[in-house]
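Here is the structure we will look at, set down as structure tokens.
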Amino acid sequence: MIACRELLALVALVAGAAALCPTTGLSAEEIGGASPLSEILPGKPWPERRKEVERRWLELLGEFPKEVPKVRPEMKEVAKENGFTRYHVSFQSEATDRVTAWLLVPDAARKKPTPAIICIHSTTFGSGKDSTTGISGRRPIDPPRDPKIGVAYGKDLAVHGFVTLSIDLLTDGERIHPGDRIMDTRRFYLEHPEWSMVGKTIWDVMRGVDFLQTLDFVDHQQIGCTGWSMGGHLSIFAAAFEPRITATISNGGVLDWYRHSDAWSRRPASWQPWKEGEPKTNNKDFQRRFGFTPNSGPFIFLKKFRPYIDDQSLRIPVDLDSLMAMVAPRPLMIISSEQEFYRHKIFPKVLETFPIYANWRDAEGLPSALKARQERIGYAATLEYYETQHKMKPERMPGMLSALGAGDCFSWFSFPGGHSYPGVARRLTFAWYDRWLGRTLE
């Protein structure tokens, strides 16, 4: 067992190494021509740096709506399954838009308020939330994917004991406008020319938190967020801008800019949505990889990112490491395959982010790492053990725990294999959420 003093020394050593060499020798150009976190107001206190980081992101994302409509939830029981009840729910996002979702409620959640997790689905072609809950594959007509791949994390987490809310993203699942193609975002941009689909997803997750906080069987202070693939990518955005999200896991998300293609900000030939009867898309790569060619797109993540694709000499003002840092000090875990850690240059971003967590000091206007520790399950047992076994007064514990900062609230994990969510990663997910959402320590 490593002693507390030795652990703190190790944390300080790793944090110091990360601060001295935050990007493991890679230049900004080598990691996509973006400004790493260490270059944004260096030397300034984190609260000041964080405001600048948020400002830069909002310039890309667009501002969130000023008007927040009432939730107006609708909830209908659909089936009782393996230890949980499935509800079809919807709630108001904007005045003219509702989010559709599956709410899975474990039987045990009826006994006391239970932590909940918002689950964001991966790229699908019409399945949306159904893929996340094990109802179908990538398309509604496809059978559920092999459980070993781990796509049905909304269901898996419910079986484990969490309330889960698996939402449809706009342009997928039940949220495809009649007559439009799957994942065609042009109608959205005609209505919101200064916003972004990423910003819209963040907003929908925020509204998901609003919805969960209307339910008496949900612990309103313990709400997590997770996703795989595109969902893993978007879960970090959601956690960065929604302070009520308590703990987050991103699995297999692309955490890198790709300026050699237009994937981040496609420029369609026309801004008018596709209409029934017009020629369908024919993507040979989809045919090779999936065995079908869906009539989909164009999905435009960040419309305002287009100048950085057109002129690749422009320095991108912000990178994904700063997005991860915005989550601090709330728990965040990054999971990906080993190849994805290399391909998406995740580890350099981890080293940029980790010092923010390891050197955390509570500040006004930001969450308190110490308060979170005191409120989570197990704190009373900590006080009792050290008082009875080591004659350590309870009033000493806050000072000792403050020395940890939030170093153990940020973690990363890689596994061999392809783009998936294998058992080893899912088991770690259960343990991480049990620890930080306070479901159980047993």
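Criterion first (surrounded by 16 or more Cβ atoms within 10 Å (Cβ to Cβ) and over 31 Å from the mean Cα position of the chain (by Cα)) does Met397 satisfy it? I'd like the intermediate steps shown before the answer.
Numbers: surrounded by 16 or more Cβ atoms within 10 Å (Cβ to Cβ): yes; over 31 Å from the mean Cα position of the chain (by Cα): yes.
Against the criterion (surrounded by 16 or more Cβ atoms within 10 Å (Cβ to Cβ) and over 31 Å from the mean Cα position of the chain (by Cα)), Met397 qualifies.
Output the qualifying pairs, or none if there are none: Cβ atoms under 8 angstrom, residues six or more apart or on different chains, first residue in segment 129-155 and without any contact (Cβ under 8 Å) to a residue 12 or more places away in the chain and buried (at least 17 other Cβ atoms within 10 Å of the Cβ), second residue of a type in the set (D, E, K, R) and part of a helix (DSSP H, G or I).
Here the result reads Ser136/Asp130, each pair linking segment 129-155 to a residue that is of a type in the set (D, E, K, R) and part of a helix (DSSP H, G or I).
Determine if segment 262-272 includes at least one residue that is out of contact with any Asp or Glu (no Cβ under 9 Å at 6 or more places or on another chain), part of a loop (DSSP other than H, G, I, E, B), of a type in the set (A, V, I, L, M, F, W, C) and in contact (Cβ under 8 Å) with a residue 40 or more places away in the chain.
yes
Of these, Ala109, Ala116, Ala79, Ala101, which one is exposed (fewer than 15 other Cβ atoms within 10 Å of the Cβ) and not charged (D, E, K, R)? Reasoning before the result, please.
Values: Ala109 fails: exposed (fewer than 15 other Cβ atoms within 10 Å of the Cβ); Ala116 fails: exposed (fewer than 15 other Cβ atoms within 10 Å of the Cβ); Ala101 fails: exposed (fewer than 15 other Cβ atoms within 10 Å of the Cβ).
The match here is Ala79.
Identify, please: which residue in segment 82-94 is out of contact with any Lys or Arg (no Cβ under 8 Å at 6 or more places or on another chain) and at pLDDT 95 or above and is, among those, surrounded by the most Cβ atoms within 10 Å (Cβ to Cβ)?
Result: Phe84.
If I filter segment 274-301 down to residues being in contact with a Gly (Cβ under 9 Å, 6 or more places away or on another chain) and surrounded by fewer than 19 Cβ atoms within 10 Å (Cβ to Cβ), which single residue comes out as nearest to Thr185 (Cα to Cα)?
Across segment 274-301, the extreme among qualifying residues is Lys275.
Give the residue that is surrounded by the most Cβ atoms within 10 Å (Cβ to Cβ), with candidates limited to residues of segment 318-375 that are within 20 Å of Ser250 (Cα to Cα) and basic (Lys, Arg). Please lay out each step first, then the result.
Restricting attention to segment 318-375, the residues satisfying the condition of being within 20 Å of Ser250 (Cα to Cα) are 318-358.
Keeping just the survivors that are basic (Lys, Arg) gives 330, 343, 345, 349.
Values: Arg330: 25, Arg343: 12, Lys345: 22, Lys349: 27.
Step by step, filter segment 318-375, then rank; the result is Lys349.
Exactly one condition in (1) within 15 Å of the chain's Cα centre (by Cα); (2) on the phi > 0 side of the Ramachandran plot is not met by His121; state its number.
It is condition (2) that His121 fails.
Conditions first: (1) surrounded by 15 or more Cβ atoms within 10 Å (Cβ to Cβ); (2) within 28 Å of Trp195 (Cβ to Cβ). Glu67 passes all but one, so which condition is the exception?
Single failed check for Glu67: (1).
Every residue in segment 295-313 that is more than 12 Å from Arg259 (Cβ to Cβ), outside any loop (DSSP other than H, G, I, E, B) and modelled with pLDDT of 95 or more, please.
Lys303, Lys304 - these are the residues of segment 295-313 that are more than 12 Å from Arg259 (Cβ to Cβ), outside any loop (DSSP other than H, G, I, E, B) and modelled with pLDDT of 95 or more.
Quick one: in segment 314-359, of everything that is assigned to a loop (DSSP other than H, G, I, E, B) and of a type in the set (D, E, K, R), which residue is farthest from the chain's Cα centre (by Cα)?
Taking segment 314-359 first, the residues assigned to a loop (DSSP other than H, G, I, E, B) are 314-315, 317-319, 328-331, 344-345, 359.
Then drop every residue that is not of a type in the set (D, E, K, R), which leaves 315, 319, 330, 345.
On the way: Arg315: 25, Asp319: 16, Arg330: 12, Lys345: 18 Å.
The qualifying residue farthest from the chain's Cα centre (by Cα) is Arg315.
Would you call Ile202 in contact (Cβ under 8 Å) with a residue 60 or more places away in the chain, of a type outside the set (D, E, K, R) and surrounded by fewer than 23 Cβ atoms within 10 Å (Cβ to Cβ)?
Details: in contact (Cβ under 8 Å) with a residue 60 or more places away in the chain: yes; of a type outside the set (D, E, K, R): yes; surrounded by fewer than 23 Cβ atoms within 10 Å (Cβ to Cβ): yes.
Judged against the criteria, Ile202 is a match.
Please tell me if Gly418 is exposed (fewer than 15 other Cβ atoms within 10 Å of the Cβ), part of a loop (DSSP other than H, G, I, E, B) and in contact (Cβ under 8 Å) with a residue 40 or more places away in the chain.
yes
The values are calculated or read from the model by the stated rules, or taken from the named source; none is laboratory data. This structure is a prediction, so every number in the text was calculated from the model and none was measured. Positions of Cβ are backbone-derived with ideal geometry, glycine not excepted, and every protein chain shown enters the neighbour counts.
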